[in-house]
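Undergrad: To start, I am sharing the structure in question, which I have written as structure tokens.
Here, each number is a calculation from the coordinates, and none is a lab measurement. Everything numeric in this text was worked out from a predicted model, so none of it was measured. Glycine also receives a Cβ, built like all others from the backbone with ideal geometry; neighbour counts cover every protein chain displayed.
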Amino acid sequence: MITVYGIKTCGSVQKALKFFKENGMDVEFFDFKKETPEPSKIENWVDKTDINIAFNSKGTKYRTLKLKELNLDEKGKFEWLCKEPMLLKRPVIEFNDDVVIGFNEELYKEKFL
């Protein structure tokens with residue numbers, strides 16, 4: 001089963017969901033606006049990718065929280081991801097004990113088709 005984590009209004013999440021739909025793949029959707037992932041899940045994503053890939057330092061939430069001023073290290077970034085899932089780069093996709101973060105159509109074709 002493929003699980004897509006994100007928010008429905010995010011352009012990258014919409015592209016990912018469209019990709020899966022167009023390729024006839026069923027996905028489960030986890031909405032960050034309705035639920036917060038467990039810290040153990042976020043730790044798993046970071047372990048399988050990288051904290052700097054998972055942590056969205058370009059988004060609105062990052063700017064509104066003024067996190068740049070804190071000059072966060074990896075531990076600080078992880079703590080903020082656990083408190084505020086909107087800081088996760090989206091979408092986060094779990095499948096077959098693997099994780100892909102962000103939308104990249106070529107990578108999706110390679111991994112999922």
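Undergrad: So if we plug the beta-carbon distance of Asn96 and Asn23 into 1/(1 + (r/R0)^6) with R0 = 22 Å, what FRET efficiency do we get, rounded to 0.05?
TA: Values: r = 16 Å, r/R0 = 0.72.
Approximately 0.90, to the nearest 0.05.
Undergrad: Let me ask another. Relative to the present Cα-Cα distance, how much length would full extension add between Lys111 and Lys15 at 0.36 nm per residue of separation? It would help to have the intermediate numbers written out before the result.
TA: Numbers: separation 96, 0.36 × 96 = 34.56 nm, distance 1.57 nm.
Length gained, Lys111 through Lys15: 33.0 nm.
Undergrad: Just to be sure I understand the model, the point goes 7 Å from the Cα along the line to the Cβ. What's the resulting Glu35 to Lys58 distance in nm?
TA: Each label point lies 7 Å from its Cα, and together they span 2.8 nm.
Undergrad: Placing +1 on the Cβ of each Lys and Arg and -1 on the Cβ of each Asp and Glu in the chain, which of Asn96, Phe112, Phe78 has its Cα farthest towards the positive end of the resulting dipole?
TA: Farthest along the dipole direction, towards plus: Phe78.
Undergrad: Largest first, please: the extent of the C-alpha atoms of the range 2-112 along each principal axis, to the nearest Å.
TA: Sorted from largest, the Cα extents of the range 2-112 read 43, 26, 26 Å.
Undergrad: Output the pairs from Lys8/Lys75; Lys21/Lys77; Lys18/Lys75; Lys15/Lys58 with a Cα-Cα distance over 24 Å in this structure; if there are none, say none. Kindly include the intermediate steps, with their values, before the conclusion.
TA: Details: Lys8/Lys75 28 Å; Lys21/Lys77 33 Å; Lys18/Lys75 34 Å; Lys15/Lys58 19 Å.
Too far apart for the 24 Å limit: Lys8/Lys75; Lys21/Lys77; Lys18/Lys75.
Undergrad: Place a +1 charge on the Cβ of each Lys and Arg in the chain and a -1 charge on the Cβ of each Asp and Glu, then give the dipole magnitude about the Cα centre in debye, rounded to the nearest 20.
TA: Numbers: 20 positive and 20 negative charges, 141 e Å.
Charge dipole of the chain: 680 debye, to the nearest 20.
Undergrad: Which one, Phe78, Phe19, Phe103, has the greatest fluctuation when you compute a Gaussian network model over the chain with C-alpha springs under 10 angstrom?
TA: Of Phe78, Phe19, Phe103, the Gaussian network model singles out Phe19 as fluctuating most.
Undergrad: Please list, ordered by chain and number, the residues whose modelled amide H lies under 5 Å from the amide H of Phe30; skip anything fewer than 5 residues away on the same chain.
TA: Val4, Tyr5, Gly6
Undergrad: Give me P(r) over the range 67-113, computed from all C-alpha to C-alpha distances, binned every 5 Å, as integer percentages.
TA: Result, from short to long distances: 5, 17, 21, 19, 14, 13, 9, 2, 0 percent.
Undergrad: I've got another one for you. Restricting to Cα pairs below 8 Å that are 6+ residues apart, what does the relative contact order work out to for the chain? Please round to a whole percent.
TA: Details: 130 pairs, mean separation 40.6, N = 113.
Dividing the mean separation by the residue count of the chain yields 36 percent.
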